[in-house]
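Trainee: Here you go, one structure.
The values are calculated or read from the model by the stated rules, or taken from the named source; none is laboratory data. Values in this document were obtained by computation on a predicted structure and should not be read as measured data. Using ideal geometry, Cβ is built from the backbone for each residue, glycine included, and neighbour counts are taken over all protein chains shown.
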Amino acid sequence: MINRVIIIVMDSLGVGELPDAGDFGDQGADTFGHIVRENPDISIPNLSEMGFANIDGAAGGKLAAAAPSGSFGKMREESKGKDTITGHWEIAGIYTETPFRTYPDGFPEHFIRDFEKAIGTGVLGNYAASGTVIIEDLGPEHEKTGKPIVYTSADSVFQIAANTAVIPLERLYEICATARKMLTGDLACGRVIARPYVISGGKRVRTADRRDYAVSPPDDTLLDNIRNAGKTVYAVGKIHDIFGGRGITESVHTESNMDGVRKTIDAVKRDFSGLVFTNLVDFDSRFGHRRDPAGYAGAIEEFDAVLPDIVSAMKEDDVLILCADHGNDPVHSGWDHTREYIPCVVYGSHIKPGVDMGIRDSFSDIGASAADMLGTEPTKEGVSFFDIVKK
């Protein structure tokens, strides 16, 4: 039996459009492929050696290894959506049959009035926008009036931005918690997100103190099953927020991808049985949403450079799974997530090298496999691939 599974979500690093991508306005999306096309000198020897570029269709096989050290494949999304919560919940073994409600025209006026009354102040914005753009557009008025900035996107999110010199961080979190309590029932929204920023060098810069207030999963996930078995579920990054703390025994927030890697390594060096579940959000938030293929390529190279440090920290009975939760093609139109296959690379002393798992039917096969490896209760959805890849 495997003692511990380490799942690292390379947030938004999709590997090509799903068959139904056109239904989501994402026909032609290919996050990894387009990053490689736009950055032909990209160097990711460790990911390539592990088998990432051997995945069917991944950048046309340009970076494929002759003899991969890990097993690899790609996965369809069964759930109806392409957002963070939907992707992570499916990885952990549950489907989202009905997409979370979105608000392309802003939130209803009656809700905004009730929300303003609840927090004791008016708000600015209430429309779909890029977070980095709206704080520049509405920042001066916010800083003059003290009114928080409210906005949304193509995802099911209610985002609240504030200059921390105007609205202190803890007060911003209180405002977000109020919104979370109100956005239920017919107004149900996937996440409320605190988006604090500061003025640095004359520019408005978002800080690493983001906090997500998500709806709770409707059923037990892989995390609950592992915790119920008396094992540790160690969440790194926004994993705690995505699952509303459910099924998690320990958690730590992160400031960047590399901070996430450091804290993952710290967890792996500890002695416990169970799951380390990490989200590296910079790929998505700093480069995918901002449509920055060069920056995205640099972030992948940066992660590739520290991948050996993660492997070195692993114990004999650890298994590493690298995956994503959706796409966010930085050369696609718009500035939102894209409906894509996700990669899955599996590595460890007990994993066969070079096994091509092909195309799996669901992200939830990851959770099903992790449960199988750890000997816990099976996940509600998903089919384990452990028998295929184990030595």
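Trainee: Quick check: anything in the range 2-20 surrounded by fewer than 20 Cβ atoms within 10 Å (Cβ to Cβ) and polar (S, T, N, Q)?
Mentor: yes
For every residue, the table says whether it meets (1) at pLDDT 95 or above; (2) farther than 23 Å from A154 by Cβ; (3) in contact with a Gly (Cβ under 6 Å, 6 or more places away or on another chain).
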site: M314; (1), (2), (3): yes, yes, no
site: V319; (1), (2), (3): yes, yes, yes
site: G334; (1), (2), (3): no, no, no
site: G348; (1), (2), (3): yes, yes, no
site: E377; (1), (2), (3): yes, yes, no
site: F385; (1), (2), (3): yes, yes, no
site: I388; (1), (2), (3): yes, yes, no
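Trainee: From (1) of a type outside the set (S, T, Y); (2) closer than 22 Å to F287 by Cβ; (3) in a loop (DSSP other than H, G, I, E, B), pick out the condition that doesn't hold for G33.
Mentor: Status for G33: all satisfied but (3).
Trainee: Another question, if that's okay. How many residues does the range 143-155 hold that are over 30 Å from R339 (Cβ atoms) and touching a helix residue (DSSP H, G or I) at 6+ places or on another chain (Cβ under 8 Å)?
Mentor: Looking only at that region, the number is 2.
Trainee: Which of the residues belonging to the range 1-26 are of a type outside the set (K, R), under 30 Å from R227 (Cα atoms) and not in a loop (DSSP other than H, G, I, E, B)?
Mentor: V5, I6, I7, I8, V9, M10
Trainee: Report yes if some residue within the range 184-196 is among the hydrophobic types (A, V, I, L, M, F, W, C), touching a helix residue (DSSP H, G or I) at 6+ places or on another chain (Cβ under 8 Å), surrounded by fewer than 23 Cβ atoms within 10 Å (Cβ to Cβ) and in a helix (DSSP H, G or I); otherwise report no.
Mentor: yes
Trainee: I'd like the full set of residues that are touching a Lys or Arg at 6+ places or on another chain (Cβ under 9 Å), modelled with pLDDT of 95 or more and crowded, with 23+ Cβ neighbours inside 10 Å, limited to the range 143-166.
Mentor: Scanning the range 143-166 gives I149, Y151, F158, Q159, I160, A161, A162.
Trainee: Given (1) over 16 Å from D361 (Cβ atoms); (2) assigned by TED's automatic domain parsing to the domain that holds M10; (3) in contact with a helix residue (DSSP H, G or I) (Cβ under 7 Å, 6 or more places away or on another chain), where does S79 come up short, assuming only one miss?
Mentor: (1)
Trainee: Which condition number in (1) of a type outside the set (A, V, I, L, M, F, W, C); (2) out of contact with any Ser or Thr (no Cβ under 7 Å at 6 or more places or on another chain); (3) in a helix (DSSP H, G or I) is the one that G245 fails?
Mentor: With respect to (1) of a type outside the set (A, V, I, L, M, F, W, C); (2) out of contact with any Ser or Thr (no Cβ under 7 Å at 6 or more places or on another chain); (3) in a helix (DSSP H, G or I), G245 is out only on (3).
Trainee: Mind checking which residues of the range 79-130 are of a type in the set (A, V, I, L, M, F, W, C) and under 23 Å from V150 (Cβ atoms)?
Mentor: I85, F100, F107, F111, I112, F115, A118, I119, V123, L124, A128, A129, listed by residue number.
Trainee: Right, something else. In the range 60-78, how many residues are surrounded by fewer than 24 Cβ atoms within 10 Å (Cβ to Cβ) and in contact with a Ser or Thr (Cβ under 9 Å, 6 or more places away or on another chain)?
Mentor: 6
Trainee: Let me ask something else about it. How many residues are buried (at least 24 other Cβ atoms within 10 Å of the Cβ) and not in a helix (DSSP H, G or I) if we restrict to the range 36-55?
Mentor: Number of matching residues: 2.
Trainee: So, in the range 257-283, how many residues would count as being more than 28 Å from E377 (Cα to Cα) and in contact with a helix residue (DSSP H, G or I) (Cβ under 6 Å, 6 or more places away or on another chain)?
Mentor: Adding up the residues that qualify gives 4.
Trainee: Now for a separate question. Name the residue that is farthest from the chain's Cα centre (by Cα), counting only residues in the range 71-107 that are within 21 Å of S130 (Cβ to Cβ) and among the aromatic types (F, W, Y).
Mentor: F107
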